[in-house]
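Enquirer: Before I ask anything, let me first share the structure, which is written out below as structure tokens.
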Amino acid sequence: MTPGTWLTVLAFFVFVAPGLLYDLASVTKRTRRHETVFTEISRITLMSTLCSAGAAAVVTVIGMIVAARWEKYPFPDPASMIRGGSGYVNAHLAAVSWAAALCLGVSLGISYGAFRLVYRTDKAAISDISAWRSVLRDDLPDPGVAYALVKMKSGTVWGGRVAKYTPDPEMANRELVLSPPLSVRDAAASQMAKVPDKWMRVILPGPEIVSMVVTYGDPPP
């Protein structure tokens, strides 16, 4: 293991893993925010650093207790490890591995404990799943298909069997595809008109959709 390699691994444990665990756990308890990559990385790095600092303190105390009782410090010396690089790591591989595993475990424990403490009063989980997916996929009986009446901003109403859709949480990235039996009604009409059978698909952009009425039926023969 080269010095660059083990420093990279150490940096991941110290500056990424604990904060990443906290961030992933927090997704179920907070609403999704639009933020820059720099903000997200900074938050994860800050949380990881705090958790790793706490873990280092805990491991140091454990080492001092062990040294006081058995007169031998069980963990590698950080200064010697940095100066010695891979040579020190290879010479003290067991001690380095044990210390790294213990620090990682403690830091992850602190991270998860912080998550439980911060969100201790939030009993319900927040789902990042769109209503489209809930209605068109999760609630869909098996076997069964979804039929929808879709009202557009223009006032036009489209009807048909839901063939495909984009489940992206962002409405700007969604599309809905309807297939026969297709029907349509423009803003001035009062009745739905059947679309000729030669037209097999209609693609509706998500941002233009005002509302959707959905029912479930048997699959077509």
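The values are calculated or read from the model by the stated rules, or taken from the named source; none is laboratory data. The model shown is predicted, which means the values in this text are computed figures rather than measured ones. Positions of Cβ are backbone-derived with ideal geometry, glycine not excepted, and every protein chain shown enters the neighbour counts.
Enquirer: I need the full set of residues from the stretch 23-64 which are outside any loop (DSSP other than H, G, I, E, B), farther than 30 Å from V96 by Cα and of a type in the set (D, E, K, R), in order please.
Expert: If the condition is that a residue be outside any loop (DSSP other than H, G, I, E, B), farther than 30 Å from V96 by Cα and of a type in the set (D, E, K, R), then E40 is the only one that fits.
Enquirer: Surrounded by 16 or more Cβ atoms within 10 Å (Cβ to Cβ), modelled with pLDDT under 80 and either more than 15 Å from M212 (Cβ to Cβ) or under 27 Å from the mean Cα position of the chain (by Cα) (or both), is that true of Y165?
Expert: Working: surrounded by 16 or more Cβ atoms within 10 Å (Cβ to Cβ): yes; modelled with pLDDT under 80: no; either more than 15 Å from M212 (Cβ to Cβ) or under 27 Å from the mean Cα position of the chain (by Cα) (or both): yes.
The answer is no for Y165.
Enquirer: Could you run through the stretch 80-91 and say how many residues are modelled with pLDDT of 75 or more and under 19 Å from T60 (Cβ atoms)?
Expert: 0
Enquirer: Further question: So for the stretch 137-159 (the condition being in contact with a helix residue (DSSP H, G or I) (Cβ under 7 Å, 6 or more places away or on another chain), assigned to a loop (DSSP other than H, G, I, E, B) and farther than 30 Å from A188 by Cβ), does at least one residue qualify?
Expert: Taking the stretch 137-159 as the starting set, the residues that turn out to be in contact with a helix residue (DSSP H, G or I) (Cβ under 7 Å, 6 or more places away or on another chain) are 146, 152-153.
So of that shortlist, the ones also assigned to a loop (DSSP other than H, G, I, E, B) come out as 153.
Next, from what is left, pick out any that are farther than 30 Å from A188 by Cβ: none.
No: the stretch 137-159 contains no residue that is in contact with a helix residue (DSSP H, G or I) (Cβ under 7 Å, 6 or more places away or on another chain), assigned to a loop (DSSP other than H, G, I, E, B) and farther than 30 Å from A188 by Cβ.
Enquirer: Suppose we filter L204, L149, L178, L182 for residues that are of a type outside the set (G, A, S) and within 30 Å of H34 (Cβ to Cβ); which single one remains? So that I can check it myself, show each step before the final result.
Expert: Details: L149 fails: within 30 Å of H34 (Cβ to Cβ); L178 fails: within 30 Å of H34 (Cβ to Cβ); L182 fails: within 30 Å of H34 (Cβ to Cβ).
From the options L204, L149, L178, L182, the qualifying one is L204.
Enquirer: Of D142, D168, which residue is under 16 Å from S130 (Cβ atoms) and either free of Cβ contacts under 8 Å to residues at least 60 places away in the same chain or not charged (D, E, K, R) (or both)?
Expert: On the way: D142 fails: under 16 Å from S130 (Cβ atoms).
Going through D142, D168 in turn, just one is under 16 Å from S130 (Cβ atoms) and either free of Cβ contacts under 8 Å to residues at least 60 places away in the same chain or not charged (D, E, K, R) (or both): D168.
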